[in-house]
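Encoded as structure tokens, the structure appears first; notes follow it.
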Amino acid sequence: MRVRVKDDVCQGHGMCLLACPELFQLSDEDGHAYLLSEDVPPELEAKVDQAVRGCPEQAIETY
């Protein structure tokens, strides 16, 4: 599984960081989410799914 954050949609709510801090961080510059890695290890897939479902702006997608 891979994940991406749509930069033009993210508003920096931080729900992804709460769900999966192993992969998501918030930028100090604009507060928007960014990824430490687009590759999701199997043990983090459930957390990433939670981040996708919890994003108020639907700015996170898996593929």
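Observations on the model:
- One residue stands out in the stretch 7-40 among those that are part of a helix (DSSP H, G or I) and out of contact with any strand residue (DSSP E or B) (no Cβ under 7 Å at 6 or more places or on another chain): the one that is surrounded by the fewest Cβ atoms within 10 Å (Cβ to Cβ), namely Leu18.
- A single entry from Arg4, Arg53 fulfils the requirement of being surrounded by fewer than 18 Cβ atoms within 10 Å (Cβ to Cβ), in a strand (DSSP E or B) and not aromatic (Phe, Trp, Tyr): Arg4.
Every number in this text was worked out from the coordinates using simple rules, so none of it is lab data. What you see is a predicted model; the values in this text were computed from it and never measured. Reconstructed Cβ throughout: ideal geometry from the backbone, glycine too, with neighbour counts over all protein chains shown.
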